[in-house]
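Here's the structure we're looking at; comments come further down.
Every number in this text was worked out from the coordinates using simple rules, so none of it is lab data. None of the values given here were measured: they were computed from a predicted structure. Because the Cβ atoms are built from the backbone with ideal geometry, glycine has one as well, and the counts that use them run over all protein chains shown.
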Amino acid sequence: MTQEEITQSVLQALTDVAPEADLATFRTDLNLRDQLDIDSMDSLNFLIAVHELLHVDIPEADWARLFTIDELVEYLGGRIAA
Amino acid sequence: MADFVMPSLGADMSAGTLAAWLKQPGETVKRGEIIAVVHTDKADVEVEVFTSGIVERMLVEPGTEVPVGTPLAVIREEDAAPAPAAPAPAPAPAPAPPAPAAAPAPSAPAAPVVPVEHHLLISPSARQLAHELGIEAEGVQGTGPGGRIQRRDVEAAAAAREAPPQAAPPAPPAVVTPPAAAAPPAAAPPAAPLSPAAAPPAAPLSPAAERNAAMRRAIAASMSRSKREIPHFYLGQTIDMSRSLAWLGQENLRRPVTERVLHGVLMVKAVALALREVPELNAVWAGDELVRRDDINVGVAISLRGGGLVAPAIHHTDELTLEELMHAFRDLVSRARAGSLRSSEMSEPTITVTSIGERGVESIFGVIFPPQVAIVGFGTLVERPWISEGQILPCPVVNASLSADHRVTDGHRASQFLAAVDRLLQEPEEL
C-alpha cells in the first residue's frame, strides 16, 4: 500500500468521524485534535475507523505520541510494511 | 384507553413540536417502543410510549407545536375493548402559545393523520432538515449505517438541487454591491436615517443558525433558572489517577480497539457508585421539599458539533459493567450528535458528569442542570509532583469538582461523596 493510499484511507476515516471537517483547509502537518476539535470519543472512533479500513490496531501509547496526519501515515506505513 | 401526551423532555420545556409519527393507527405498540419524534429547542428526541396496546388514533399532526401534557394520540390498552368510531378529523390545532402550560390541553382537537415515514431509514435531525429545506427525503441517498440518511446527505441533496446546471458567468464588477462594512469610506453610501422604518429587514437565519439560536435560548433559560433558584456550593478534590490509568492501560492492551474503555467511563462509574454510597445526594428539590430517587441515573454532558450541549442520562449507571457503560456512553454520544436521543434518556437524572479537560482545563466550576442536585466536573489529566510514602513522585492527577444544591445537601455529605469518588478511582478493578 502506497503512502498516498494510506493517506486517503486515513482522511476517509477522519471524514467518517468528523463529517463537518473541511479537508480543503485541513493541514496534515498540524495537530489533528486541535484542528478538528475532536474529543476522546471521536479519537476512539477514529482509531476504530482506521482499524476497519487498514486493519491496524494502534495501541493507546502509540496514539498518544501521534499528533498529525503526516505522523500517523508514517506510523501506519511502518506497521503495514512490517 | 390511554392518552399519549407531549412529554416533558427537560425541566424548562413548556412545549414541543411533533416532528413525525413513527406508528400509524391500528399498529400495535409495546411499552418502551418509539412512537414519535419530538423537536425541542435542544434536540430532536425519539419518544417512547409507556403503554402497550394498539394505536387508536392520532390527535396532532406533525409540524404542530403543543404544550407539554397535550394528548397526541390515543392508545387502546391491551385487553381493552375497541373504541367507537373516531370523530371526523378536525383541522389542525393552532400553534401553542409560548407561555408554559402546566395542565394538559384537555380538548385538543383531532387532526388528520399524515402518512408516516417509518419505512425510511433517516435520523430525526436529517428528517427535520429535509423538511426545512423542502427536500424529499425519499429521494436522498443515505450514507450512514445500513443506508440511513444523515444530515450531511440532506445537505448534499440540497446543494445538488441548488447548484446551477452550468457555471454562470461571473457578474461584472460594476454590478457587485459590497457589504457596507467592507466598502471603502469613499464609496460608502450616505448614512441612512436612524428610523426603524428605514432599517433593512433582518436576514433570515439559515436552518443551522436557527437551530443554534434555539439551542442557546434553551441553555440560557436552563442556566438562568439554575443560578436564580439553586443555591450552589462548590467543593474540589485532586485525585491520584495513577492506579486507574495503569489498570486501564493494561485492560485496553488486552482488548481490540473496538472494545477499549475510555478513562472517562471509569469516572462516570465512580460517580454512580459514590451516589449509591451517599444516597442523600440522589435526590432533587421539588417545590419546597426534598424528593429522593431510588434509581441511579447519571447524566453525561455531551458537546454537539456546531455548538451547544445536551446531558442525557445513562439509566441504572451503577448496575452496568464498565463494558456495558462504555457501550452505552458511545451509543449515547453517537445518537446525541445524530439527533436521535430518546425521551426516557432526557428524563431527569439527579447528577451530571462533565469533562472539558481535553483542551487543558484543570478545574471546572459547573452550573447545575435544574432540577438536578449536582454536577461533577473532571478537569484534564496532568502530571504533578505527588507525595507518596514520604517520596515526591510524578503522578497523573485530575481535579474533581462538585457543584451541589445546598437545599438538598450540605458540605459534609458532599465531601463524603467526593471522597468516595476518590477512593473508588483508587480501586479500578472494583468499578
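Results, tabulated for the structure shown:
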quantity: Top-ranked residue in segment B:357-368 [being within 14 Å of chain A (Cβ to nearest Cβ) and either under 20 Å from B:H232 (Cα atoms) or of a type in the set (D, E, K, R) (or both); ranked as nearest to the chain's Cα centre (by Cα)]; calculated: B:E358
quantity: Helices (runs of 4 or more DSSP H) fully within segment A:8-73 counting 2 or more residues that are in contact with a helix residue (DSSP H, G or I) (Cβ under 6 Å, 6 or more places away or on another chain) and within 14 Å of chain B (Cβ to nearest Cβ); calculated: A:40-54
quantity: Residue within segment B:256-270 that is under 26 Å from the mean Cα position of the chain (by Cα), more than 14 Å from chain A (Cβ to nearest Cβ) and closer than 26 Å to B:D331 by Cα present; calculated: yes
quantity: Subset of segment B:330-353 [in contact (Cβ under 8 Å) with a residue 60 or more places away in the chain, within 25 Å of B:L402 (Cα to Cα), within 14 Å of chain A (Cβ to nearest Cβ) and more than 10 Å from the chain's Cα centre (by Cα)]; calculated: B:V353
quantity: Selection within segment B:16-28 - buried (at least 21 other Cβ atoms within 10 Å of the Cβ) and either more than 20 Å from B:E78 (Cβ to Cβ) or touching a helix residue (DSSP H, G or I) at 6+ places or on another chain (Cβ under 7 Å) (or both); calculated: B:G16, B:L18, B:A19, B:A20, B:W21
quantity: Segment A:42-55, residues that are surrounded by 13 or more Cβ atoms within 10 Å (Cβ to Cβ) and more than 25 Å from B:A246 (Cβ to Cβ); calculated: A:A49, A:V50, A:E52, A:L53, A:L54
quantity: Test: B:V261 is in contact with a helix residue (DSSP H, G or I) (Cβ under 7 Å, 6 or more places away or on another chain) and farther than 21 Å from B:T40 by Cα; calculated: yes
quantity: Residue among B:P370, B:P396 that alone is in contact with a strand residue (DSSP E or B) (Cβ under 6 Å, 6 or more places away or on another chain) and either assigned to a strand (DSSP E or B) or not charged (D, E, K, R) (or both); calculated: B:P396
quantity: Some residue of segment B:211-227 being surrounded by 20 or more Cβ atoms within 10 Å (Cβ to Cβ), basic (K, R) and either under 22 Å from the mean Cα position of the chain (by Cα) or within 14 Å of another protein chain (Cβ to nearest Cβ) (or both); calculated: yes
